[in-house]
Number of protein chains: 2
Amino acid sequence: MKITEQTAMALATRLLVQRNALARHAECQAELLVEAELKGHPSHGLQRLPRILARIERGLVDPRTEGEGCWRASAVWEVDGQNGLGPVVAMAAIERILERVATSGIAVAAIRNNNHLGMLAHYVEHIAEQGHIGLVMSSSEALVHPFGGTHAMLGTNPIAIAVPTADRPLVLDLATSAVSMGKIHHYAAIGRPMPEGWARDAEGEPTTDAVRAKLGSIAPFGDAKGYGLGIAIELLIAALAGSDLAPDIRGTLDAEALCNKGDVFFVMNAKAAPELAQRLSDYLDSVRASPPATPGRPVAVPGDGADSRRAAARTTGFDIEPSLWDELNALSSSSSVFEGQSL
Amino acid sequence: MKITEQTAMALATRLLVQRNALARHAECQAELLVEAELKGHPSHGLQRLPRILARIERGLVDPRTEGEGCWRASAVWEVDGQNGLGPVVAMAAIERILERVATSGIAVAAIRNNNHLGMLAHYVEHIAEQGHIGLVMSSSEALVHPFGGTHAMLGTNPIAIAVPTADRPLVLDLATSAVSMGKIHHYAAIGRPMPEGWARDAEGEPTTDAVRAKLGSIAPFGDAKGYGLGIAIELLIAALAGSDLAPDIRGTLDAEALCNKGDVFFVMNAKAAPELAQRLSDYLDSVRASPPATPGRPVAVPGDGADSRRAAARTTGFDIEPSLWDELNALSSSSSVFEGQSL
């Protein structure tokens, strides 16, 4: 079934406010999830909402805090997320470093005790829209096996980068796993086998069964190099934010534990130089226009696909599993201790 | 044949000083090349020296400058490399941001008009040895085809990260190409075919012939994700440093053009927290001890292999192609306009 951005935003926001979220926090969280749907990433979309609601109900997420921060150094904003909603704490931190970067040229926010960030592209795109370069890395519980290993020792440790140009920004967002755990959950939810090489089961054997993979481990992307990048991100985040390491991290996928992973956000000023932004977009256009490996399938630049899917979905709406939509509506109509605060 | 670190350092330093390099600059450049040999990366070792010497002789490298910098913002050191030796300009910039990071917590050096950096691990390892987190990215001329493309549009755009621990630091260093152009040159030099999937020829067709590949393009590592990372690094460097983009970059592989690529170095302070450094090394040890995919081949952490090769080579010396050693010695004994300044 198809629903519109507005319908999805209204329901997601209401569900969160019913559970005591401040209205602006509910909107911030809802926007992140709906944005993922618009961009064609349902694995990071509304299917995440029931768990977020359950986590609020169990006191694992405080939907009324933005976390507490301090300047650990003149360009390092250190944040205790106080178990706030992931995007709420993150966006508040980003606003602080966006102010600072005017004088420092670069600033970083190092966040611990924050909940799941969801789709990282959302944050760096926001930074790029303010005219700055954005870079974010986030850790997770142990889901990925090392190159040459068989058991989950690393987080999926995604990284996202956005660089403004004279046209729309380049927006990269990738997990350092062969796939995100969100996508494996999506395969498990729809009952389809996964491609070979994505995952191992709990015994360390290769599997294409998403349900078995959920108990096992995902392969790193790009063999030794992707593994190397993933473990470097793992260490960099823990060292900067003082957050836990993958084997000790909980609360990114469950509704039982506080979330103790880490997030680091970098904001940088591009060099002020005539024509620089135009040179960047011209370059991206030349990459798009370069000869394709498959005739008729033009070369794409990171973010192109998501951008055109979003543009289409804003006019036509987006597809959602009817069972998920029913589940969300049921969660809305169920009596809630916070019902009196609904929009 | 085997030579020792000391012998190699003496010859490389003398060759550079004979061409008018300041003694400390010659040592800095020689150390980088010899370090690559010790770590078992001959593609980034002494085979690069003849071209560096030729570039000095032709006035494309000024071996007496460290570049000129200014604080573009309180945490951004902007450098015009003035065509200095790559590691000389880089190390001078790193010293400046290492001073600044005590108060800013993070600082970046954005460098243009600098020569080839060589093995990036060298720089971040130096930063980690001072107790800080290091991250470097560097661009190059167009050598890599986009995912889904066939022609060189991106640099090999390497990234290196080092994070200090209670033990030795984690040191990651990877090109975002399937292999470095240095390795393809090495295959061409020894006349061996390359593995499939590494490269395409000038017509855009897949090839295993390293000589044909030198005129064509290298694949990105890790398919779409590695390509995405590479092009994001491409844009990030150009935006920060104001340097050129791959299709316009020259001077990283030739002895004909000034070098107009860009380098960005980040230095960050880890959080001061009890036991944090120990937690990081314990974690790395647990990754090493995790079950291997191949019995008897333990899981490695980035830098492990290079570190043990270097330890061995420091006592036994390292292998070098006799033809390269002869070539270097011939370059030393040849009369030079700067001969009077030899050590």
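The values are calculated or read from the model by the stated rules, or taken from the named source; none is laboratory data. These numbers come from a predicted model, not from an experiment. Here the Cβ is made from the backbone with ideal geometry for all residues, glycine too, and neighbour counts use every protein chain on show. For the accessible areas, the whole protein counts, side chains as well, though only heavy atoms, and no ligand, DNA or RNA atoms are used. Shrake-Rupley method; radii C 1.70, N 1.55, O 1.52, S 1.80 Å.
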Exercise. Taking a label point 7 Å from Cα toward Cβ, how far is B:Arg58 from its twins in the other copies, in nm, shortest first?
Worked result: 6.6
Problem set entry | Whole-Å distance, taken between Cα centres, linking the range B:1-53 and the range B:176-244 | 25
Exercise. In angstroms, what radius of gyration and Dmax does the range A:1-149 have, counting Cα atoms only?
Worked result: 16.0, 50
Problem set entry | chain B: relative contact order in percent, alpha carbon pairs under 8 Å with at least 6 residues between | 23
Exercise. Taking K and R as +1 and D and E as -1, what net charge do the other residues with C-beta under 13 Å from the C-beta of B:Thr315 add up to?
Worked result: +3
Problem set entry | Diffusion constant of the range B:164-233 at 20 °C, which comes from Stokes-Einstein with the Kirkwood Cα-pair radius and 1.002 mPa s, µm²/s | 163
Exercise. If you build a Gaussian network model of chain A, linking Cα atoms that sit under 10 Å apart, which residue out of A:Val124, A:Val211, A:Val79 swings the most?
Worked result: A:Val211
Exercise. Å³ per residue of the Cα convex hull, for the range A:120-208?
Worked result: 116
For this session: Counting only C-alpha contacts under 8 Å and six or more residues apart, can you give the relative contact order of the range B:7-57 as a whole percent?
Result: 34
For this session: Give the carbon-plus-sulfur fraction of the accessible surface of chain A in %, rounded to a whole number; probe 1.4 Å, heavy atoms of protein chains only.
Result: 50
For this session: Could you list which residues have their amide H under 5 Å from that of B:Asp62, counting only those 5 or more apart in sequence or on another chain, with H placed in the peptide plane?
Result: B:Gly84, B:Leu85
Exercise. For the range A:275-321, which semi-axes, largest first and in whole Å, follow from the square roots of 5 times the eigenvalues of its Cα gyration tensor?
Worked result: 26, 17, 7
Exercise. Kyte-Doolittle mean at least 0.5 and Cα extent at least 24 Å along the axis: which DSSP H helices of chain A qualify?
Worked result: A:86-104, A:223-241
For this session: May I ask for the distance between the Cα centers of the range B:304-332 and the range B:82-155, given as a whole number of Å?
Result: 25
For this session: Can you list which of the GluC sites (Glu not before Pro) found in the range A:184-276 are DSSP loop residues with at most 14 other C-beta atoms within 10 Å?
Result: A:Glu196, A:Glu203, A:Glu256, A:Glu275
Problem set entry | Accessible surface buried upon B-A contact (total; probe 1.4 Å; Å², nearest 100) | 5700
Seminar exercise, completed: The alpha-carbon pair-distance distribution computed for the range A:140-279, with 10 angstrom bins and whole-percent values, is 12, 36, 29, 15, 7, 1
Seminar exercise, completed: Note, A:Leu33: beta-carbon cut-off 12 Å, +1 each Lys/Arg, -1 each Asp/Glu, net -2
For this session: Averaging over all projection directions, find the projected area of the Cα convex hull of chain B and quote it in nm² with one decimal place.
Result: 18.0
For this session: Taking each label point as 7 Å beyond Cα in the direction of the beta carbon, state the distances from A:Pro193 to the same residue in the other copies, shortest first, in nm.
Result: 3.3
For this session: Taking 7 Å along the Cα-to-C-beta vector as the label spot, tell me the A:Ala272-B:Ala293 distance in nanometres, rounded to one decimal.
Result: 5.0
Seminar exercise, completed: Taking N as the residue count of the protein assembly as shown, its alpha carbon Rg divided by 2.2 N^0.38 Å gives 0.97
Seminar exercise, completed: Note: A:66-75 gets an average of partner chain Cβ contacts (10 Å, Cβ to Cβ) equal to 4
For this session: Give the accessible area for A:Lys2 in Å² (nearest 10); use a 1.4 Å probe, count only protein heavy atoms, and leave out ligands, DNA and RNA.
Result: 120
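When the solvent-accessible surface of protein heavy atoms is calculated with a 1.4 angstrom probe, in what order do A:Arg58, A:Arg112, B:Arg48 fall, highest first? Walk me through the numbers before you get to the answer.
Working: A:Arg58 145, A:Arg112 55, B:Arg48 20 Å².
Most to least solvent-accessible, the answer reads A:Arg58, A:Arg112, B:Arg48.
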For this session: Run the quick spin-label model on A:Ala224 and B:Leu258: label points 7 Å from Cα toward the beta carbon, then report their separation in nm to one decimal.
Result: 3.8
Exercise. So what's the net charge close to B:Asn115: Lys and Arg +1, Asp and Glu -1, counting the other residues with Cβ under 11 Å from its Cβ?
Worked result: +2
Exercise. Solvent-accessible area per residue for the protein assembly as shown at a 1.4 Å probe radius, Å²?
Worked result: 37
Problem set entry | Accessible-area ranking of A:His41, B:His122, largest first, probe 1.4 Å | A:His41, B:His122
Exercise. Relative to the other copies, what are the label-point distances for A:Pro298, with labels 7 Å from Cα along the C-beta vector, expressed in nm at one decimal and sorted shortest first?
Worked result: 5.2
Exercise. How much accessible surface does A:Thr150 have with a 1.4 Å probe, in Å² rounded to 10?
Worked result: 10
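For the range B:48-101, what does the convex hull of the Cα positions come to per residue, in cubic angstrom?
Convex hull volume per residue, Cα atoms: 68 Å³.
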Seminar exercise, completed: Relative contact order as a percentage, the range A:169-221, C-alpha pairs under 8 Å and 6+ apart, gives 38
Exercise. Given the protein chains as shown and a 1.4 Å probe, how many square angstrom of B:Ser323 are accessible, to the nearest 10?
Worked result: 80
Exercise. If you draw the axis that swings chain B onto chain A, which residue of B has its Cβ closest to it, and how far is that in whole Å?
Worked result: B:Gly222, 1
Exercise. Classify the range A:83-134: rounded, prolate or oblate, from the alpha-carbon gyration tensor (a ≥ b ≥ c, eigenvalue square roots; a/c under 1.5 rounded; otherwise prolate if a/b is larger than b/c)?
Worked result: oblate
Exercise. So what are the range B:228-315's ellipsoid semi-axes, whole angstrom, largest first, if each one is the square root of 5 times an eigenvalue of the alpha-carbon gyration tensor?
Worked result: 36, 21, 15
Problem set entry | Average partner coverage of A:292-305, which counts Cβ from other chains inside 10 Å | 4
